[in-house]
Amino acid sequence: MPRRAPSCTHMQQRSRETGESSIMKKKVFIDGSHGTTGLKIHERLDKREDIELMAIPDEKRKDPRTRRDYLNGADIVFLCLPDDAARESISLIANPAVRVIDASTAHRTAEGWAYGIPELNPGQREKIKNAGRVSVPGCYASGFCAVLHPLVSSGFLSSDYPVSSYAITGYSGGGRQMIADFQSDSSDREAICCRPKNLNLIHKHLPEMQKFGLLQQPPIFTPIVGDFFQGMLVFVPLYAAMMTHNAGADRTRSFFADYYRGEQFIRVASDEEIASIADGFLSPTACNDTNMLELFVFGRNDRLLIVTRLDNLGKGASGAAVQDMNILLGVPEDTGLC
């Protein structure tokens, strides 16, 4: 069934001086611009007329003083780095006017950092807007918390519910080595077509999944990497009898539709759409190259399967980062996004 495609808008921030158009540009520095997330953020910002992208000259990329200058000279800094490098970058920023958006795992549950899902609850946008430091949620956590946070905060699910979740994602989320493994001509396609991982039940997204899923204990979570580049499905199965209101699929679907009503980047599938998909296949790639997250409630009166679909490189990374930046800058959230 064709998915309703969101429209893209590319807003420009303009002011008029002496009859001529003047664009008030904000300086943006991407620390770690050569990684997957950094490249995607750069791609989303490159043609915006309200942004001046700062880039360290190649010959000075390894010069600590130059890097410090760029970190302190920007209005907005994106950190697209491993955790330790992100912490180091924060330690180098002395200018209190610099606002930081960190795409690493380093600060997602840290005090003083706003968690970057604006739709999480009615007060989250304001927290992001007023923050000097914003953490971009993990891709799995984005799909998971979009389900659990509303259910627990609204009393549909107890915080001590023994939650389990699994997900399938494209291999782009695994970094350069995993991308190389999947794209290698010598790869055994059958052996790598579907890779369950983190079977020791330890995963770097678990702390934020527990904290912002409002859970007393971490979920049992199993990520699976599929043989496709990008896209993601996150699954949360629930027993209706163990929910506070013994809510079946129809009531739960109506609840999510009300909770996310008016949100341009989260869409709850209708009863008709659910009926058309229930015995078919749900593609993990239908939200690719957008900042959309779609939520589906399948099941019966006794058992539910709630599924979120998103682009792990979009709403799960670079799209969310740009959405957070738009909020910090006070421009429409869909600027440069679709």
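The values are calculated or read from the model by the stated rules, or taken from the named source; none is laboratory data. Everything numeric here is computed off the predicted structure, so don't read it as measured data. Positions of Cβ are backbone-derived with ideal geometry, glycine not excepted, and every protein chain shown enters the neighbour counts.
Answer yes or no: is there a residue in region 64-72 that is surrounded by 15 or more Cβ atoms within 10 Å (Cβ to Cβ), within 20 Å of the chain's Cα centre (by Cα) and on the phi < 0 side of the Ramachandran plot.
No, because not a single residue in region 64-72 is surrounded by 15 or more Cβ atoms within 10 Å (Cβ to Cβ), within 20 Å of the chain's Cα centre (by Cα) and on the phi < 0 side of the Ramachandran plot.
Give me the residue from region 1-26 that is within 23 Å of the chain's Cα centre (by Cα) and among the hydrophobic types (A, V, I, L, M, F, W, C) and, out of that set, modelled with the lowest pLDDT.
Among those that are within 23 Å of the chain's Cα centre (by Cα) and among the hydrophobic types (A, V, I, L, M, F, W, C), it is Met11.
State all residues of region 140-160 that are more than 15 Å from the chain's Cα centre (by Cα) and of a type in the set (S, T, N, Q); if no residue qualifies, say none.
Residues satisfying the conditions are Ser153, Ser154, Ser158, Ser159.
For Gln217, which of the numbered conditions (1) surrounded by fewer than 16 Cβ atoms within 10 Å (Cβ to Cβ); (2) closer than 27 Å to Asp334 by Cα fails to hold?
(2)
Within region 225-234, count every residue that is modelled with pLDDT under 95 and either in contact with a Cys (Cβ under 7 Å, 6 or more places away or on another chain) or not aromatic (Phe, Trp, Tyr) (or both).
3
Is it the case that region 76-84 has a residue that's surrounded by fewer than 13 Cβ atoms within 10 Å (Cβ to Cβ) and at pLDDT 95 or above?
Looking for residues that are surrounded by fewer than 13 Cβ atoms within 10 Å (Cβ to Cβ) and at pLDDT 95 or above, one finds at least one in region 76-84, hence yes.
Scan region 131-169 for residues that are touching a strand residue (DSSP E or B) at 6+ places or on another chain (Cβ under 9 Å), more than 22 Å from Gly116 (Cα to Cα) and part of a loop (DSSP other than H, G, I, E, B) and jot them down.
Result: Leu157, Tyr161, Pro162, Val163.
Tell me yes or no: at least one residue of region 50-58 is surrounded by 18 or more Cβ atoms within 10 Å (Cβ to Cβ) and within 22 Å of the chain's Cα centre (by Cα).
yes
Looking at Leu214, is it part of a loop (DSSP other than H, G, I, E, B), in contact with a Leu (Cβ under 8 Å, 6 or more places away or on another chain), aliphatic (A, V, I, L, M) and in the same structural domain as Asp160 (by TED's automatic domain parsing)?
So Leu214 passes the test.
For region 27-38, which residues satisfy the criterion of being modelled with pLDDT of 95 or more and surrounded by fewer than 16 Cβ atoms within 10 Å (Cβ to Cβ)?
Selection gives Lys27 alone.
Identify the residue in region 127-139 that is more than 11 Å from His107 (Cα to Cα) and more than 8 Å from the chain's Cα centre (by Cα) and, among all such residues, is surrounded by the most Cβ atoms within 10 Å (Cβ to Cβ).
Ile128
Is at least one residue of region 178-196 surrounded by fewer than 23 Cβ atoms within 10 Å (Cβ to Cβ), among the basic types (Lys, Arg) and either assigned to a loop (DSSP other than H, G, I, E, B) or touching a Pro at 6+ places or on another chain (Cβ under 7 Å) (or both)?
No, region 178-196 has no match at all.
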